[in-house]
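A quick write-up on the structure given underneath.
The values are calculated or read from the model by the stated rules, or taken from the named source; none is laboratory data. Remember, predicted model here, so these are calculated numbers, not experimental data. Quick reminder, even Gly has a Cβ in these numbers, built from the backbone with ideal geometry, and neighbours come from all protein chains shown.
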Amino acid sequence: MRLSKMHVPTLREAPKDAEVISHQLLLRAGYIRRAAAGIYTFLPLAVRTLEKVKRIIREELENAGAQEILLPMVIPAELWIESGRWQKYGPELLRIKDRKDQDFCIGPTHEEVVIDALRNDLRSYKQLPVNVFQIQDKFRDELRPRAGLMRGREFLMKDGYSFDADTDGARVTYAAMVEAYSAIFTRLGLDFRMVEADTGNIGGSLSHEFQVLADSGEDAIVSCGACDYAANVEKAGLPAVAVAVAAATDVPAWREVATPDARKIEEICALLSCAPEETIKAVCYLADGAPAIAFVRGDRDANDLKVKAALGAELLEIADGEDFAKASGLPIGFVGPVGLQGVRHVIDYEVAGMVRAVCGANLADAHLVDVAPARDLPGMEHHDLRLAVAGDPCPRCADGQLRTFRGIEVGHVFYLGRRYSEAMNATFLDEGGREKPFEMGCYGIGVSRILSAAIEQNHDANGICWPTAIAPFEVVVIAVGKDEVAGDLAESLYAQLRSAGVDAVLDDRDARPGVKFKDADLVGWPLQVVVGRRAAEGIVEWKVRAGGARVEGPTVGLVGRIAAAVAASRGGAPLELDPTS
């Protein structure tokens with residue numbers, strides 16, 4: 001391809017609404033343009049990168065035994081009603097009506113559709129296992145789309161579904177998909193971690209995320225320094241803390257103190273000269289519409305997913321202060337566990353083990369001091385309710401401590417079990433001729449999100465530094481000046497590189513050298529070859545985009561060396577071109 005014939009509309013400045021660096025660079029480098037909030041047009045360079053991502057995904061999934069299908073994006077409501085998700089999914093589900101006033105939705109995920117497509121065809125255990133996938137646009141009506149492709153409403157996704165005869169077979173398939181995903185993200189050239197995760201709206205009993213490590217990531221993840229434990233912070237379990245019953249007997253009886261207008265932890269600490277870890281914080285929720293409270297230590301944050309599980313709630317949301325006060329009769333900012341009645345509440349292990357704690361008195365402008373939960377909360381039930389933080393003990397091994405990272409979720413695998421097959425009466429005949437529901441798995445990759453994740457992890461002050469495997473072109477040959485010899489040499493190198501199997505592009509535009517160099521850095525070609533003033537001597541310059549300096553050298557043998565270096569980096573390794581070889 002020749003850049004003079006391509007549509008690559010680069011910008012010198014990023015639009016003001018571009019928040020994260022990947023969003024800024026995708027816009028500036030001419031990869032995407034905004035159509036509406038959370039909806040983007042993919043321009044030629046982005047399409048080339050997406051196609052390379054899709055090719056790697058297809059190759060690894062087919063190697064693992066999965067088969068590609070294509071399901072409808074517009075889904076009849078009756079399938080979602082059959083699975084029980086039509087009412088439960090929430091406002092992110094875009095619901096529409098056709099001209100006959102029949103209900104449909106735009107698919108955010110396709111469990112119901114794939115079951116409906118295959119349940120009448122898969123009738124015998126002899127036909128199992130079956131593992132299928134598709135790569136298709138999805139739509140989720142996010143309340144606040146942000147960060148470009150990282151949190152859009154319309155996005156390109158690979159979703160896959162497996163059907164097995166029993167639990168053992170389903171776990172074998174799950175393990176094969178985990179291995180395939182690891183191979184995919186390795187080939188894409190991404191630094192990633194597989195972590196334990198919550199199953200969310202998809203459901204199921206086992207789940208892992210694939211997280212690309214990046215400081216700008218939305219997700220907090222933890223891993224152990226002594227073993228292979230890693231988890232999304234929302235999923236990370238924590239060991240139980242022993243309840244200090246003996247120590248509690250030495251604490252004076254609790255007493256009430258006036259704390260006018262001191263509602264926040266920092267205000268209480270300032271007034272009573274205590275530390276946040278000596279206070280008990282009340283986090284107020286609506287659990288299935290009813291008031292509920294989680295009590296955690298004052299310096300901790302409640303984990304909503306753990307609270308939801310402890311309360312046994314289907315729907316949990318943080319309560320608005322005024323609404324909670326009206327529903328519960330409790331004064332916001334002064335809520336505590338001692339003597340609390342009429343409102344469902346759960347208590348974290350750490351709170352259960354505290355002595356001489358400060359907590360709300362359930363009266364306006366008052367708190368209690370010298371509270372010992374082991375003594376003052378008889379019959380309390382306590383749970384693991386808080387978010388894990390760096391330094392917490394590992395829940396898997398005896399010696400490790402947790403470290404924290406930021407990550408961008410690019411893949412998610414679920415073991416669904418019979419969650420959907422039972423609800424939708426999707427069955428087969430086993431060896432004994434009995435009807436049994438399928439054991440299922442579900443496997444997703446955010447294809448368009450990978451563009452943003454890769455850039456968040458691979459950029460510098462001048463632009464994108466693509467991993468070779470997913471760069472729109474692997475090498476750019478830049479013709480500098482109007483010298484005929486230089487032009488001819490650039491054309492020759494470009495043709496030779498293409499003949500050697502290198503995905504090369506020629507920058508033959510009538511533009512100043514500085515413009516070409518800036519665009520090359522901005523767009524992110526992995527290798528730049530510059531043909532200019534020393535062309536008549538057979539000397540050119542080249543630069544590896546990811547941290548390389550410009551190097552001069554002869555053209556003799558250069559094409560073969562470039563082809564070898566590019567081929568070696570297509571599996572995810574850094575591109576290296578030794579200037580002395």
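Out of LEU316, LEU330, LEU311, LEU305, which single residue is of a type outside the set (Lys, Arg), on the phi < 0 side of the Ramachandran plot, crowded, with 16+ Cβ neighbours inside 10 Å and more than 29 Å from the chain's Cα centre (by Cα)?
Just one listed residue meets the conditions, LEU330.
Yes or no, residue by residue, for (1) without any contact (Cβ under 8 Å) to a residue 12 or more places away in the chain; (2) surrounded by fewer than 20 Cβ atoms within 10 Å (Cβ to Cβ):
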| residue | (1), (2) |
| --- | --- |
| GLY38 | no, no |
| LEU45 | no, no |
| GLU51 | yes, yes |
| GLU62 | yes, yes |
| MET73 | no, yes |
| GLY84 | no, yes |
| LYS97 | yes, yes |
| HIS110 | no, no |
| ALA117 | no, yes |
Among (1) touching a strand residue (DSSP E or B) at 6+ places or on another chain (Cβ under 9 Å); (2) under 24 Å from SER22 (Cα atoms); (3) free of Cβ contacts under 8 Å to residues at least 40 places away in the same chain; (4) of a type outside the set (D, E, K, R), GLY514 falls short only on (1)
Take segment 364-406 and flag every residue that is in a loop (DSSP other than H, G, I, E, B) and in contact with a Gly (Cβ under 7 Å, 6 or more places away or on another chain). ASP384, CYS394, PRO395, GLY400
Out of segment 541-581, which residues are among the β-branched types (Val, Ile, Thr), part of a loop (DSSP other than H, G, I, E, B), in contact (Cβ under 8 Å) with a residue 12 or more places away in the chain and touching a strand residue (DSSP E or B) at 6+ places or on another chain (Cβ under 9 Å)? THR555
Take the residues in segment 338-373 that are of a type outside the set (Gly, Ala, Ser) and on the phi > 0 side of the Ramachandran plot; name whichever of them is surrounded by the most Cβ atoms within 10 Å (Cβ to Cβ). ASN362
Restricting to segment 360-371, what's the tally of residues that are of a type outside the set (A, V, I, L, M, F, W, C) and either out of contact with any strand residue (DSSP E or B) (no Cβ under 9 Å at 6 or more places or on another chain) or free of Cβ contacts under 8 Å to residues at least 60 places away in the same chain (or both)? 1
Would segment 209-224 turn up any residue that is part of a helix (DSSP H, G or I) and closer than 28 Å to LEU50 by Cβ? no
Look through segment 458-497, keep the residues that are in contact with a strand residue (DSSP E or B) (Cβ under 6 Å, 6 or more places away or on another chain) and in a helix (DSSP H, G or I), and return whichever of them is surrounded by the fewest Cβ atoms within 10 Å (Cβ to Cβ). GLY487
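Okay, residues lined up against (1) over 27 Å from LYS436 (Cα atoms); (2) aliphatic (A, V, I, L, M); (3) in contact with a helix residue (DSSP H, G or I) (Cβ under 7 Å, 6 or more places away or on another chain):
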residue	(1), (2), (3)
GLU60	yes, no, yes
ILE81	no, yes, no
PHE104	yes, no, yes
PRO108	yes, no, no
GLU142	yes, no, no
PRO145	yes, no, no
TYR161	no, no, yes
Tally the residues that are among the small types (Gly, Ala, Ser) and touching a strand residue (DSSP E or B) at 6+ places or on another chain (Cβ under 6 Å), restricting the search to segment 322-359. 5
Condition broken by ARG449, with the remaining ones in (1) surrounded by fewer than 24 Cβ atoms within 10 Å (Cβ to Cβ); (2) basic (Lys, Arg); (3) touching a residue at least 12 places away in the same chain (Cβ under 8 Å); (4) in the same structural domain as TYR174 (by TED's automatic domain parsing) satisfied: (1)
Can you find a residue that is of a type in the set (Gly, Ala, Ser), in a strand (DSSP E or B) and farther than 30 Å from TYR40 by Cβ anywhere in segment 141-161? no
Scan segment 174-187 residue by residue and report those that are closer than 13 Å to ASN63 by Cα, of a type outside the set (A, V, I, L, M) and either outside the structural domain of LEU61 (by TED's automatic domain parsing) or touching a Gly at 6+ places or on another chain (Cβ under 9 Å) (or both). TYR181
